[in-house]
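Just so it is clear, none of the values below were taken in a lab; they were calculated from the coordinates. Everything quoted here is computed from the prediction, not taken from an experiment. Heads up, the Cβs are rebuilt from the backbone with ideal geometry, glycines too, and the neighbour counts pull from every protein chain shown.
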Amino acid sequence: MTIDLDSSSTRWPLPDSASLTGQLISHFIDNVSTCDTQLGDAISGDISTVTRKCLEIGDGVTAGRNVSGQLRWFSAAAAGWARDGVPIDTVLRAFYEALRASVDVMCAPDAAYDRDALIDRLRMTMAISNLMSTTMITAYLREYRGVVSEHLTAARALTTALLTGRTTAPMARDYGITVADTYSVLALSIPGADHDRPLDTAIVVRRRLRRVLTALAQHRDDALAMLSIGGGTVLIPGDTTDDTRPDRLIEVLSRAARVDISATLITAATDDIPDAAQRAHELLDVVGRLGYAPRLYRFEDLALEYQLTRPGPGLTELGEQLTPLDPHPDLHRTLQVLIANDMNRRRTARILHIHANTVSYRLHRIADLTGLDATHAADMWQLKSAVIARAFTTAASSAITAVPVPQRR
C-alpha cells in the first residue's frame with residue numbers, strides 16, 4: 001500500500017532509525033507504560049519491534065514505498081492486544097503519544113520552516129496517523145467482537161447448564177468461567193414498551209434489553225444472565241442475601257431500562273439453582289399478580305403470600321370470601337390496590353384517580369358485603385389473604401385488573 005500526496009516536497013529525511021527507536025522506547029517507558037501497567041505488561045516484549053515497525057511505516061509512506069507488509073504485521077499485533085484484553089483507549093493513548101514524540105523528533109524546534117513546508121509535514125503526519133490508526137482500530141475491533149461473541153456464547157451456555165442442573169467441572173473449564181459454590185438467583189420482570197411513544201414497540205423493547213444487558217455487564221461483570229425483552233434470570237456468584245448490592249443492581253438496571261424493574265432473590269448452592277430459579281419466578285409471579293411496587297423482593301418479604309398461594313382447598317376457600325365483590329369490580333380493585341400500597345389510602349386514591357374519601361366509602365361497602373372491616377387488624381389479615389388467594393384462583397382471575405406500573409421518563 002502506498003499513499004500519493006502529489007507533492008514531492010513532503011518527502012523529508014527521517015533521523016537515524018536506530019536512534020529514533022531508542023528515543024521512542026525511552027519515551028514510552030517514561031510516559032506511557034509506567035502509567036498503565038496493563039499495556040506495559042501486554043506488549044513489553046514487543047516494544048522494540050512495534051516501534052521499529054511504526055517507524056518503517058512512517059518512513060515508507062514518506063518515501064512513497066509500499067508498506068502493506070508492515071501494516072499486516074501491525075494489524076496482527078493489534079488483534080493480539082484485543083485478545084490480551086488491553087483496553088483500546090490505552091492502546092490509542094500509547095499510539096498517539098508515540099506519534100507526538102515522533103513529530104517532536106522529526107521537527108526540530110530550532111529549524112526554520114516556511115508555510116508550505118509546515119503544511120506538507122502536517123499533511124504527511126495526518127496521512128500516516130490515519131493509515132496506522134485505521135489499521136489498528138479495524139483489526140482490534142474485529143478481534144474484540146470475536147472475543148466478546150465467544151465469551152457471550154460460553155456464558156450463555158454455562159448459564160443454561162446451571163439453570164438446568166447440567167453443569168460440570170470440565171464444562172466450566174472449557175468455557176473459561178469459574179463456577180461458584182453459591183449463587184444469588186434473581187428473577188427479573190421488565191415492563192413492556194410505552195404505547196404512547198412513536199417508535200415501533202419491537203424496536204423500543206430491543207433497545208431497552210440492550211441497555212439492561214450493557215448496564216449489567218458494567219455493574220456486575222461476573223453475573224450470568226438469561227434475559228429476553230420481558231425479563232429472565234440473573235445468576236450472581238456468592239451469597240448476597242444480607243447486603244444491599246442486589247438492590248443497587250436493580251436500581252441501576254431500572255435506570256438503564258428507563259422503567260421500574262421488579263425482581264425477586266433466592267440464594268442457593270450451585271446444585272440447587274434449578275429449584276431456586278423456579279421459586280424465584282414463582283415469587284415474581286406473586287409480585288405481578290398482586291400489583292406490588294416494582295423493586296427487589298427477598299423470600300422473607302413474600303413468605304406469607306407465597307405460602308397462601310400454594311394449591312389446596314384452603315386457597316379456594318380463602319378466595320371465595322371475596323365472591324360478594326364479583327359484581328363490583330371497582331371495590332375489588334380498590335381493595336387490591338390498597339393492600340399493594342400498605343394500606344396507604346392517599347396513595348391508593350392517587351393511583352385510582354379518585355378522592356381519598358371515595359376510598360373510605362368503598363371500604364365501608366366492602367365491609368357491608370363481605371362482613372370484613374379493613375379498619376380492623378384481624379379482618380384486614382383476612383382480606384389480604386383473600387386477595388392473595390383470589391389472585392391465584394383461575395376461575396376468578398379475569399375479575400382482577402392489574403395495577404398500573406409507573407414508568408420512568
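Computed values, structure above
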quantity: FRET efficiency estimate (nearest 0.05) - Cβ-Cβ, D342 to D275, R0 30 angstrom; calculated: 0.50
quantity: For S385, net neighbour charge (Lys/Arg +1, Asp/Glu -1) across residues whose Cβ lies under 11 Å away; calculated: -1
quantity: Cβ-derived FRET efficiency at R0 45 Å, D221 paired with A356, nearest 0.05; calculated: 0.45
quantity: Förster radius 41 Å - calculated FRET efficiency between D181 and R142 (Cβ-Cβ, nearest 0.05); calculated: 0.65
quantity: Distant-in-sequence amide H partners of A225 (H built 1.01 Å from N, under 5 Å); calculated: L235
quantity: Rounded to whole Hz, the Karplus (6.51, -1.76, 1.60) HN-Hα couplings of region 320-329, x for glycine and proline; calculated: 5, 5, 9, 4, x, 8, 4, x, 10, x
quantity: Computed label-point distance, nm, for sites R115 and L369 using a 7 Å Cα→Cβ extension; calculated: 8.9
